[in-house]
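The values are calculated or read from the model by the stated rules, or taken from the named source; none is laboratory data. As the structure is a computational prediction, the values presented were derived from the model and not from experiment. Virtual Cβ from ideal backbone geometry, glycine too; neighbours counted across all protein chains shown. All accessible areas refer to the heavy atoms of the entire protein, side chains included, with ligands and DNA or RNA removed. Shrake-Rupley method; radii C 1.70, N 1.55, O 1.52, S 1.80 Å.
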Amino acid sequence: MSWRRFFQRPHWDSECAQELEVHIAHEIDENLARGMDANEARRAAYLKVGNPVRVREQIWRNNSFLPLEHFLRDLRYAFRTLSRNPGYALVAILTLGLGIGANTAIFSVVNGVLLRPLPFAEAGRIVHLQQKALKVSSDPFGFSVQEIRDYREQGTVFSSLAEYHSMTFTMLGTTVPERVGTGVISANFFEVLGVKPLAGRLLTAADETMTAPPVMVLSYEYWMKEFGGDKKVIGRSFELNDRMHTVVGILPPLPAYPGTDDLYMPTTSCPFRSGKDMIANRGDRMMEVYARMKPGVTSQQVAENLQTIASRLQMAYPRDYPQYSGFTAESVPVERELTHAACPTFLTLLAASGLVLLLACANLANFALSRHLGRSRETAVRLATGASRAQIFRQLLTESLLLASAGGVLGILIALAGSRLLVEYASRMTPLAGEVHLDGAVLLFAVATSLLAGVIFGVLPCLIASRIRIDSLHDSTRTTGSEGNMRTRNVLVAFQVSLSVLLLIGAGLMVRSLYNLLIVDPGFKTQNVLSMAVNLNWTKYKEQESRNEFYRQAMERVQSMPSVTDAAVSMTVPLNGDMGSMQSGVQIQGQPVHPGEPVPQADFRVVSAGYFRTLGVPVLSGRAFLDSDTNHSPTVAIVNDLMARHYWPNESPIGHHISTDEGKTWTTVVGVVSNVRQYGLDKGSVYEAYFPLEQNSLMSSHVLVRTQGNPTQLANQIVRVIHDIDPLQPVTDIKTLAQMREALLGTPRVTAMLLGGFALVALFITIVGVSGTLALFVSRSTKDIGIRMALGATREAILRHILYRGMAPVLIGLGVGVVSAFFCTRALAGMLFAVKVTDPSTFAAIGCLLAVVALIACCIPGRRAARIDPMKALRMD
């Protein structure tokens, strides 16, 4: 067959067959009008015009490409049909586009964070080792140099074991002096992770000797930011810690794990890690440990080996690992560490968006069913002219798939824009956010979702519509308004309502949780307070007096600035997201610790005299720190209210003494301050002991400044003041406490907004479905309603009848949705704050809201039914 015949002749034959069907349809209508039954009308039309089946048989014999021609013909017919009803097509495409776009955007995050393999070789074998004292605290603590040696020697299940800790150092030799995050690692650290250099080389065992020249490896992000991707930086030297370090290599793009580091140096280059005291003291635990399991080793074998090592250490060093502490060691897969925070959130969002799309498909199925049944006369004519039910089904399903394909294209465009916003959202929960983008897997997901949506909302309506009887040519209302079809619509409505209830309750719980976070009192005032990190150069400020003198000058100059009301220096800042625990043991005079009991634990804070005024933390009793609390005066401390009530329940702690060095020296408690939520709005207060800056020492600190107006306007002036004291002193991490608070609220706020948005869309779709289904029932039952009214039914009775028909599936769906939510919302337990997953008030409020809104939606067609004129209704055909 020639290409000309392929493109023209089959098209011509098909058009002839369709034209013939139209003529026969007109003849059948005229014969029915003359009083013939359906079979006689069809027979007479065939005799007069001809049989289109023979035309189709001729096409089949002459055209070997008939299946493709059928598809193209169905596609052209679907275009023509939908173009005659652009409103329906536009609503369907927009609804599907939003649903497919939301699912695709969220799946792009799930794919990048949870499904894509980590950029580490055989990442499943990499574990993070942790030590815990379970009877003291559930928080893990670090490793000492001696402990790392023990685990290396006794760890029989690991092929290699590496250490890591992060420091910040001042780097000289770049454009300006800057503070750089530095990963201090053992030489085999990148071997454990399975990372190869992008350029140059990584650290070797020779670099980790005390006599080796200092070297460093740059991270990819820092290399691009500071050196613009210039590989000539390899071989250049820069000053850190009063020593020149040579760049020997550049890393490939990697997640910011274990920390956000700009460069990496060997352990021997770190002045703290290489110190003799640090190496000799088993209790100085500041390192993290990562290990690569041997091939074939199971997690159970790792757990048993670590427990064996922990038991040996307890027996060999009972002073460092007392029995009352519950000392143990365990491992956490790196894959889980990188994804555990994002996994429940994004799986929940993906499930919610999937429910919205499923609900939209159910609603479109209801509309498509009404639309197809409204074309029952057209379908009956096609059946009468020889079309098979399979052909009718195929034609109607083609329309659904065409709409779904157009919705899929729109959804991909929406996902392309939405995924960029989700990357920032994901970056708050995982360092893998950089792996999120629309790749082939995501596009395949979008295509599959589009086709599945087309099938879901198209199959049932097409199946029902293709079973229309030929006698519907005489009365199409018998098909569109039949009880069987209304039951199908009611089932779809109940299904929509149940999905809406599930989404609304989930969103309601998240909104309640967010509200509880918003009203939490952190224990201090966040307004008009600026924070900036000042990490002193250890080579320049080795002595405590030089450090304290720097802080004294900084406070004097900052407090003399206009608009500054208070200023202080602190070891940490409340709500700072990267702040770790400063917990340690403390002894209380007069309360001896009995053998076998854990030592009381408290968080230590070193702050300057104006700290409590600057943050607005109330002093409940006693006094705050004074400028006179120096090294030449008795040592003092302040405890928080939680610690005071626990350890001095029946008396004031003022005048009592505590010790932080096992009773060698004692410090007098001079005040009690209000509790502060240091680690997050969703985390409770802990026991805290504050110590004055002048009696202690801080190398890394935060300068806190309270102003009368917007504190960010004074940021540059404060930085200049610090540079006037020391021109080479970097000032970093400049932000307000209000910004820190908003950053902590960012993730729950966006999660609540997304779930709330999905729930509102679901509510709107459901109400439209409820109202539309009931309106269709009223329009198809106009004659029946007129007969009821003619027989004496009142308008109130008609209204009650319509409301019953509309609310019955709503109440059924409401019950199913509430029961489903009772079980499904348990997946949100880890994402909620101060609200139960089965909160009765939320369930009741959502149920009442949906019932009231549905009732209002049903009243619109109900009132229209009550206004029907029975005389006009009885005269309808």
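Would you check if there is a residue in segment 193-210 being in contact with a His (Cβ under 6 Å, 6 or more places away or on another chain) and open to solvent by less than 40 Å² (accessible area, probe 1.4 Å)? No, that holds for no residue. Considering segment 450-465 alone, what residues qualify as being among the aliphatic types (A, V, I, L, M), within 25 Å of THR104 (Cβ to Cβ) and crowded, with 24+ Cβ neighbours inside 10 Å? Matches in segment 450-465: ALA453 only. I want to confirm something. Restricting to segment 608-634 and keeping residues that are part of a loop (DSSP other than H, G, I, E, B) and of a type in the set (Ser, Thr, Tyr), which single residue is nearest to the chain's Cα centre (by Cα)? Checking each candidate, the answer is SER608.
The rows are residues; the columns are (1) of a type outside the set (Val, Ile, Thr); (2) part of a helix (DSSP H, G or I); (3) in contact with a Ser or Thr (Cβ under 8 Å, 6 or more places away or on another chain); (4) within 30 Å of LEU499 (Cα to Cα).
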| site | (1), (2), (3), (4) |
| --- | --- |
| LEU704 | yes, no, yes, no |
| VAL719 | no, yes, no, no |
| ILE722 | no, yes, no, no |
| ASP733 | yes, no, yes, no |
| GLY746 | yes, yes, no, yes |
| GLY756 | yes, yes, no, yes |
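One residue stands out among those in segment 528-581 that are open to solvent by less than 20 Å² (accessible area, probe 1.4 Å) and small (Gly, Ala, Ser): the one that is farthest from TYR690 (Cα to Cα), which is ALA554.
When VAL127, VAL157, VAL91, VAL110 are checked against the criterion of being of a type outside the set (Asp, Glu) and more than 31 Å from the chain's Cα centre (by Cα), a single residue qualifies: VAL157. Scanning segment 363-395 for residues that are modelled with pLDDT of 80 or more and touching a Pro at 6+ places or on another chain (Cβ under 7 Å), which turns out nearest to ARG80 (Cα to Cα)? The selected residue is ALA368.
Considering segment 381-413 alone, what residues qualify as being of a type in the set (A, V, I, L, M, F, W, C) and either closer than 17 Å to CYS361 by Cβ or not in a helix (DSSP H, G or I) (or both)? Give the steps one after another, and end with the answer.
Let us first name the residues in segment 381-413 that are of a type in the set (A, V, I, L, M, F, W, C), namely 381, 383-384, 387, 390, 392-393, 396-397, 401-404, 406, 409-410, 412-413.
Hits for segment 381-413 are ALA387, LEU396, LEU397, LEU401, LEU402, LEU403, ALA404, ALA406, LEU410.
Residues that are assigned to a helix (DSSP H, G or I) and of a type in the set (S, T, N, Q) were ranked within segment 414-452; the one that is nearest to LEU114 (Cα to Cα) is SER427.
A single member of VAL810, VAL778, VAL819, VAL770 is of a type in the set (A, V, I, L, M), farther than 27 Å from ILE519 by Cβ and open to solvent by 30 Å² or more (accessible area, probe 1.4 Å), and it is VAL819.
Going by the conditions given, is MET740 without any contact (Cβ under 8 Å) to a residue 40 or more places away in the chain and either crowded, with 18+ Cβ neighbours inside 10 Å or of a type in the set (A, V, I, L, M) (or both)? Judged against the criteria, MET740 is not a match. Scanning segment 141-157 turns up no residue that is touching a Phe, Trp or Tyr at 6+ places or on another chain (Cβ under 6 Å) and modelled with pLDDT of 95 or more. For segment 824-840, the tally of residues that are more than 20 Å from the chain's Cα centre (by Cα) and open to solvent by less than 60 Å² (accessible area, probe 1.4 Å) stands at 2.
Let's see how each residue does on (1) polar (S, T, N, Q); (2) closer than 28 Å to ASP603 by Cβ; (3) open to solvent by less than 10 Å² (accessible area, probe 1.4 Å):
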{"position": "VAL109", "(1), (2), (3)": "no, no, yes"}
{"position": "ALA121", "(1), (2), (3)": "no, no, no"}
{"position": "LYS132", "(1), (2), (3)": "no, yes, no"}
{"position": "SER137", "(1), (2), (3)": "yes, yes, no"}
{"position": "PRO140", "(1), (2), (3)": "no, yes, no"}
{"position": "ILE148", "(1), (2), (3)": "no, yes, yes"}
{"position": "ARG152", "(1), (2), (3)": "no, no, no"}
{"position": "ALA162", "(1), (2), (3)": "no, no, yes"}
{"position": "HIS165", "(1), (2), (3)": "no, yes, yes"}
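Scan segment 637-666 for residues that are within 20 Å of LEU626 (Cα to Cα), of a type in the set (A, V, I, L, M) and open to solvent by less than 50 Å² (accessible area, probe 1.4 Å) and the total you get is 4.
In segment 668-697, the residue that is farthest from ASN548 (Cα to Cα) out of those that are in contact with a helix residue (DSSP H, G or I) (Cβ under 9 Å, 6 or more places away or on another chain) and of a type in the set (S, T, N, Q) is SER685. Selection of segment 857-877 for residues being outside any helix (DSSP H, G or I), surrounded by fewer than 17 Cβ atoms within 10 Å (Cβ to Cβ) and modelled with pLDDT of 80 or more yields ARG867, ASP869.
Of the strands (runs of 3 or more DSSP E) lying entirely inside segment 189-281, those containing at least 2 residues that are over 26 Å from ILE126 (Cα atoms) span 237-240, 243-250.
Checked against the criteria, LEU774 does not count as touching a Gly at 6+ places or on another chain (Cβ under 7 Å) and over 25 Å from LEU94 (Cβ atoms).
Regarding MET293, is this residue among the hydrophobic types (A, V, I, L, M, F, W, C) and surrounded by fewer than 15 Cβ atoms within 10 Å (Cβ to Cβ)? Spelling it out, it is not the case that MET293 is among the hydrophobic types (A, V, I, L, M, F, W, C) and surrounded by fewer than 15 Cβ atoms within 10 Å (Cβ to Cβ).
Checking the stated criteria, ALA507 turns out not to satisfy the condition of being open to solvent by less than 70 Å² (accessible area, probe 1.4 Å) and touching a strand residue (DSSP E or B) at 6+ places or on another chain (Cβ under 8 Å).
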